[in-house]
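> What follows is a structure written as C-alpha cells; I'll ask about it next.
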Amino acid sequence: MRTVPPLALGCVLCAVAGALVCAAPAAGPTTPWPAVTLLAALYAACEHAGRCRVIGRRVPQGMGTFFPVLLAGAFLLPPAAAALVAVPGALLATSDRRPASPRRAWRAAQLALATWAAARVHAALGGTAAVSAPHFPYALVPAGAAVLVFCAVLALLDGAILAAAERVPLRAAWRGLFPRALAPVAVHGLAGLMMAVLWRSPYGPLAALLVLLPMYISCWVFAQYHRERAAHQATIRALVQAVDIKDGYTRGHSERVGQASMMIARELGMADERAEVLRFAGILHDVGKLGVPTRLLRKDGPLTPEERRVIELHPEYGHEMVRGIGFLGEARAAILHHHERMDGSGYPYGLTGSQIPEFARVVAVADAFDAMTSTRSYSRARPVDAALAELSRCAGAQFDPQMVGALVRALGQHGWRPAVTADEAAPQLPGPRAARRAAPR
C-alpha cells in the first residue's frame, strides 16, 4: 500500500465505500441468492479463462471480455444483488502490476458501482418486465440505457483513478474513454440481454450459458490478435535497438520520428490503421543503417564522395530488410523513399513531387524536424520555432508543404518536448561530422 499515491488510495477507498453502500441492501431476505451465486461463480470462472491454453495464457485486462455476465446480472437482479456479481471474480483475479491488493479492490468496486448503476436505470425504465415477457423491441430501450450508464460509470472512474495516480489533468484523463469503450460494451450488452431473456425463458439458466460460447470464441480471436500485435511490436523494438546500438549518436531518434509522423497523420485526418503503419515507418526509417559499415556512421571527419554514396544506400538496405514483413504495408515505401526531395534532387531514385509516396513525404519532415530539435553530444537543439522556420523555408524544394503545414498546426496544438539522445557527460566540439549530421536530410 505504501507505493500507492495518497490521492489514488483515497480514490480507491471512496469507491470501495460507495460499492459497500450500494450492495448493502442485498443483505435483505428478498435477494435471489441462487442466481447471484451462479452469476458470480460464472464471472469468476470467466475472469480466469485467460489461463486456458485454448484461449491463451493471458487475455489483456481492461477490455471487458466477460461484461455480458455482469450486464445479464444487471438485467436480471435487483441493483444491490447485481453489484455483488463482479466482486468475487475481481478480488480473485490475477494482477501483473503491484501492489495487487489495491488494484483488485479498485476493480471490484468499479465493476460493482457500474453494474449497480446499470441495474438501477434498467429497472427504472421497466426493463425487468420487458425481459421477463419478453417485449421486443421495447426491451432494447432499457437495456441500451443501462449499457450507456454502465460504460459512463466505468469511464468516469477510470479517468478519476488515472488523474489521481498519474497526476494527469481530469479533462485529459477522461478524453476519449467513453467513446472507445462504448462499441465493445454495447456488443456485450446485447449478449447480456440474450442471456437474461433465455434465463427467464422456459429453457432456464442452462440455455443462457450457451450465449457465452460465441464470447469465448471472440475472446480467443482477440487473444490471437493481441499476440500477433505483440509480436509486431517486438520485431520493431528489436530492429530499432539494433540501430541505436550501432549508431549511438541518434539514440531515441527513431521513436521521436514515429511520434512526429503520427502527429502529422492525425492532423491530415488519416484513418487510425494508416496512422499506426505510418508510425512504424517513422520508427523504422533508418533501419537500413544496419547495412552501413559502423566506421562510416561514427566517422568524425568529413565523408568522401565514395563514403557518402555508401551511406546513401541505407534506404535501399532498409527496404530489403523489411520487404518480407507484411504488416508494415505502406511503411516499406517510406523507408525506401524518405530521402527523396520534392525538386527531384534526393535519393535513391530522384523522385519528384507526387511521385514520392505520401508516407515518405511525412517521414522526411518528421525526420528533419527531430534532427534539428534534438540535443546531441555534438550539437545543441534548435528552438522549435527555428526548426519550423527552416522547414517552411525548404518547403516546396525539399519538403512537401502540406506535410510541413500539418506539423506546424499539430505542434501549435500539442507542443513538442525535445529529448537528449546522446550522453552529454563528455561534450564534443562540433566538427564537420556534426555539422553534416545536424542539417536537415
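> Taking one equal scatterer on every alpha-carbon of the chain, how large is log10 of I(q)/I(0) by Debye at q = 0.07, 0.08, 0.10, 0.14 1/Å?
-0.50, -0.62, -0.83, -1.16
> What whole-number volume per residue, in cubic angstrom, does the convex hull of the C-alpha atoms of region 330-378 give?
Given the Cα convex hull of region 330-378, per-residue volume reads 86 Å³.
> Also, I was wondering about something else. Under 5 Å between amide hydrogens, which residues at least 5 positions from Arg341 or on another chain qualify, with H placed 1.01 Å from N in the peptide plane?
Counting only residues 5 or more places away or on other chains, the set is Gly346, Tyr347, Leu351.
> Now for a separate question. Give the accessible area for His314 in Å² (nearest 10); use a 1.4 Å probe, count only protein heavy atoms, and leave out ligands, DNA and RNA.
Per-residue accessible area (His314): approximately 10 Å².
> Now for a different question. Quick one: Karplus J couplings for region 268-279, per residue in order, coefficients 6.51, -1.76, 1.60, θ = phi - 60°, nearest Hz, x for Gly and Pro?
7, x, 5, 4, 4, 5, 5, 4, 5, 5, 5, 4
> While we're here: For region 322-352 and region 104-137, what is the centre-to-centre distance using only Cα atoms, to the nearest Å?
The distance from the Cα centre of region 322-352 to that of region 104-137 comes to 54 Å.
> While we're looking at this one, here's another question. Using a 1.4 Å probe on the protein chains only, how many percent of the accessible area of the chain belongs to carbon and sulfur?
Of the solvent-accessible surface of the chain, carbon and sulfur hold 62 percent.
> Mind listing the phi-derived Karplus ³J(HN,Hα) values for region 314-327, rounded to whole Hz, using 6.51, -1.76 and 1.60 with θ = phi - 60°, and x for any glycine or proline?
Residue by residue, region 314-327 yields 5, x, 6, 4, x, 4, 5, 5, 9, 4, x, 8, x, 6 Hz.
> Students often check this: by mean Cβ neighbours within 10 Å, which of 121-127, 350-356 ranks highest, and how do the rest follow?
Going from most to least packed, we get 121-127, 350-356.
> Same structure again: Starting from the amide H of Val4, placed 1.01 Å from N in the peptide plane, find each other amide H under 5 Å away whose residue is 5 or more places distant or on another chain.
Placed amide hydrogens put nothing under 5 Å from Val4.
> What number comes out for accessible area per residue over the chain if the probe is 1.4 Å? Units Å², please. Show your work: numbers first, answer last.
Details: 21250 Å² over 441 residues.
Value returned for the chain: 48 Å² of accessible area per residue.
> Residue-wise, which Karplus ³J(HN,Hα) couplings in Hz belong to region 104-121, taking 6.51 cos²θ - 1.76 cosθ + 1.60, θ = phi - 60°, and x for glycine or proline?
Couplings: 5, 4, 5, 5, 4, 5, 4, 5, 5, 5, 5, 5, 4, 5, 5, 5, 4, 5 Hz.
> Tell me, what is the percent relative contact order of region 79-219, built from C-alpha pairs under 8 Å that lie six or more residues apart?
Across region 79-219, relative contact order equals 18 percent.
> Also: With a cut-off of 8 Å between alpha carbons and a minimum separation of six or more residues, what is the relative contact order of the chain in percent?
Worked out over the chain, it gives 12 percent.
> Given a Förster radius of 60 Å and the C-beta distance between Val310 and Glu166 as r, what FRET efficiency does 1/(1 + (r/R0)^6) yield to the nearest 0.05?
Plugging the Cβ-Cβ distance into 1/(1 + (r/R0)^6) gives 0.85.
> Right, another one. Sorted from largest to smallest, which semi-axis lengths in Å does the alpha carbon gyration tensor of region 138-273 give for its equivalent ellipsoid, taking the root of 5 times each eigenvalue?
Those come to 41, 22, 13 Å.
The values are calculated or read from the model by the stated rules, or taken from the named source; none is laboratory data. For clarity, every value in this text was computed on a predicted model and none was experimentally measured. Every residue, glycine among them, receives a Cβ derived from its backbone with ideal geometry; neighbour counts consider all protein chains shown. Just so you know, the surface numbers come from the protein's heavy atoms only, side chains and all, with ligands and any DNA or RNA stripped out. Shrake-Rupley method; radii C 1.70, N 1.55, O 1.52, S 1.80 Å.
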